[in-house]
1. Can you pull out the residues in the stretch 166-184 that are in contact with a Leu (Cβ under 6 Å, 6 or more places away or on another chain) and either assigned to a strand (DSSP E or B) or more than 13 Å from Phe305 (Cα to Cα) (or both)?
2. Taking the condition of being open to solvent by 40 Å² or more (accessible area, probe 1.4 Å), over 30 Å from Leu94 (Cβ atoms) and either in contact (Cβ under 8 Å) with a residue 40 or more places away in the chain or in a helix (DSSP H, G or I) (or both), how many residues in the stretch 1-27 meet it?
3. Just for the stretch 540-565: of the residues that are surrounded by fewer than 17 Cβ atoms within 10 Å (Cβ to Cβ) and assigned to a loop (DSSP other than H, G, I, E, B), which one is modelled with the lowest pLDDT?
4. From the list Arg66, Arg113, exactly one residue is surrounded by 13 or more Cβ atoms within 10 Å (Cβ to Cβ) and part of a strand (DSSP E or B). Which is it?
5. Restricting attention to the stretch 429-475, which residues are assigned to a loop (DSSP other than H, G, I, E, B) and modelled with pLDDT of 85 or more?
6. Taking the condition within 21 Å of Val483 (Cβ to Cβ) and of a type in the set (D, E, K, R), does Glu346 pass?
7. Restricting attention to the stretch 466-492, which residues are open to solvent by 50 Å² or more (accessible area, probe 1.4 Å), touching a residue at least 40 places away in the same chain (Cβ under 8 Å) and closer than 16 Å to Tyr148 by Cα?
8. Spot the failing condition for Phe355; the list is (1) within 25 Å of the chain's Cα centre (by Cα); (2) under 25 Å from Thr155 (Cβ atoms); (3) hydrophobic (A, V, I, L, M, F, W, C); (4) at pLDDT 80 or above, and only one is missed.
Amino acid sequence: MNALDYYTDLYLAVVHEQELPIEISIKECAKVFYCSERNAKLIIHKMEDLHWIRWTSGLGRGNKSRINFLQTLDALVEKQMSTFINAGQLDKALNYIQSHALPEGLSHQCYARMKQEFGYKIETENQLDLDILRIPMRRALATLDPAYAAITSETHIARQLFDCLVNYNVSTNKFVPHLAHSWEVTPDKKVWTFYLRRGILFHHGKELTAQDVRYSFGRICDAENQMPCRWYFRALQKMNVVHPYAITLTFSEPTPLLLYLSSLNLAILPSDIGFNPKRIIGTGAFRIIKYKSQQLVLERFADYFRERALLDRIELYYAPNLISGQKVYDVSNTQPGAEKKEQEFEENGSGYIVFNFRKKGPQRDPWLRKAISMLIDRKTMIQHLGGNRYQPSNSFLPSESRKNPPAIEKESQIIQLLKKSSYDGEKLKFYHFSHDAVLHDALWIKNRAQRVGISFELIPLPLEQFYDDSIVHDADMVLGGEVLEENIELGLIHLFRDQSSLVRRMMDSVQTKKIDQFIDEFIQKECLKERMSVFREVENYLRDENLLIYLYHSKREITFHAALAGIKLNAFGWADFSKLWIKPNLSTEKK
């Protein structure tokens with residue numbers, strides 16, 4: 001804590017419309033500061049030196065000292081906020097606001113001032129103009145290890161830092177070279193050889209070679225590491241570095257390796273560092289220059305092997321109070337009066353409830369699960385809650401839900417199902433992620449359930465605890481959501497096969513074996529029509545057994561300034577940072 005923190009705590013503790021000066025003892029100050037009386041005296045002297053207070057020591061034993069606050073808290077905070085911002089210390093400014101229970105008016109004033117610093121900014125450093133994007137985050141980030149990528153925000157950010165051997169082109173529906181410029185495969189699809197581009201550099205200057213590929217894949221294969229994506233290599237027999245820039249992978253069965261290698265999970269790490277959360281190194285278009293719990297700063301990687309990013313810097317801050325319902329990409333101080341534009345897109349994915357079959361309890365009763373599914377009128381839920389919710393779902397794909405919308409049942413049917421069940425009024429532990437929209441879903445469902453005598457205990461789960469095993473041991477049911485990546489087929493395989501998937505983590509061994517049989521068949525099918533037929537079998541199994549309850553599909557909307565170019569949304573509703581740029585205001589240029 002610094003002097004401003006102590007001043008704030010003391011001011012808020014003793015100034016309650018009292019007349020100044022205020023009588024107080026060093027012992028009372030020490031309690032406010034949570035320190036010893038000796039340190040409290042040092043803090044008091046520091047605030048005197050700053051001319052923030054006037055301290056008059058009490059004369060005689062038992063007489064209290066007197067303190068005069070020479071500046072109102074509002075005036076001092078306004079001044080200090082400006083100092084932080086002008087020094088580029090937005091993290092310190094945000095940390096101050098978030099660390100104190102400021103009066104509502106002052107808190108609102110501080111956040112309004114901070115909001116002006118977010119969005120797209122053009123700032124001058126060392127006589128150079130820099131294009132900077134500042135984004136507020138709703139929560140602290142979970143891991144950026146690409147092998148664990150399962151949460152949309154972390155996945156998008158990791159995509160800016162790491163590269164894969166091949167990429168998937170959404171427009172052409174084809175796999176294209178990336179770190180690997182070429183590849184060969186035997187007719188039986190069991191032996192694959194990849195040829196790497198020369199001269200690709202990691203962020204710390206090391207050149208990428210086939211040894212880095214071998215290390216990255218070996219790290220995932222190693223059973224001791226317990227990587228959630230190790231299933232990719234379950235049929236891998238051996239890896240041979242046949243040249244510094246070529247590697248051969250041999251499998252025991254036909255393997256759609258291009259599909260797998262386009263997954264961020266299989267991004268390439270440097271063999272000399274691996275993944276170190278304190279020094280995250282990749283080959284991506286941006287590199288990390290600062291990473292703390294409340295701040296992540298990315299800088300354009302000047303030696304990137306492909307087209308370099310157009311923005312100079314990306315700054316992300318934990319600042320939930322600055323987040324609105326829409327994702328806003330704003331541009332400050334450029335082309336004043338220019339209109340704002342909007343883009344809207346439909347997510348492939350769905351909100352859902354998944355039941356926990358890894359523990360005993362009433363949630364395993366099929367009649368109870370069916371009753372819970374029937375009591376949720378998705379259309380009414382969407383009408384009541386609004387927001388991004390827009391279509392009742394009966395599948396992870398909106399196109400499938402439109403063909404087969406969920407039925408609406410009568411309450412009398414739900415009562416009959418409960419009578420058939422073994423449910424006896426137990427309180428079900430209903431986990432939900434600690435996000436306002438998800439909480440509203442959970443409360444709405446809880447209220448509907450109470451009408452028919454089903455009792456839920458709502459338990460919030462911070463998203464940064466997504467990978468925590470406690471949810472599997474304790475939850476009876478979980479309110480979740482899935483957004484499929486741009487390669488929908490890979491997204492579906494992830495959903496049902498990856499160990500980080502919430503859906504898979506809740507299934508018992510019999511259910512996962514059944515799902516694995518479906519997914520193995522899905523992977524081996526040659527054409528999209530046949531694969532989609534298998535996918536429908538998977539979803540029919542989920543619905544028939546009520547292993548999972550589909551809720552609704554979502555639409556996302558972003559607003560951006562007309563001066564901003566390069567906006568193209570990915571499947572997660574983010575714009576590719578490396579393609580964004582700010583149009584200069586040509587009217588201000590010299591003719």
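The values are calculated or read from the model by the stated rules, or taken from the named source; none is laboratory data. Just so it is clear, the model here is predicted, and its values are computed rather than measured. In this analysis, Cβ positions are derived from the backbone assuming ideal geometry, glycine residues included, and neighbour counts consider all displayed protein chains. SASA here: full protein model, heavy atoms, side chains in, ligands and nucleic acids out. Shrake-Rupley method; radii C 1.70, N 1.55, O 1.52, S 1.80 Å.
1. Val166, Phe175, Ala180 - these are the residues of the stretch 166-184 that are in contact with a Leu (Cβ under 6 Å, 6 or more places away or on another chain) and either assigned to a strand (DSSP E or B) or more than 13 Å from Phe305 (Cα to Cα) (or both).
2. Adding up the residues that qualify gives 4.
3. Top of the filtered list is Ala562.
4. Values: Arg113 fails: part of a strand (DSSP E or B).
Within the list Arg66, Arg113, the selection yields Arg66.
5. The initial filter retains those residues of the stretch 429-475 that are assigned to a loop (DSSP other than H, G, I, E, B), namely 434-435, 452-454, 462, 466-469, 475.
Matches in the stretch 429-475: Val452, Gly453, Ile454, Ala475.
6. Numbers: within 21 Å of Val483 (Cβ to Cβ): yes; of a type in the set (D, E, K, R): yes.
So Glu346 fits the description; yes.
7. Scanning the stretch 466-492 gives a single hit, Tyr467.
8. (2)
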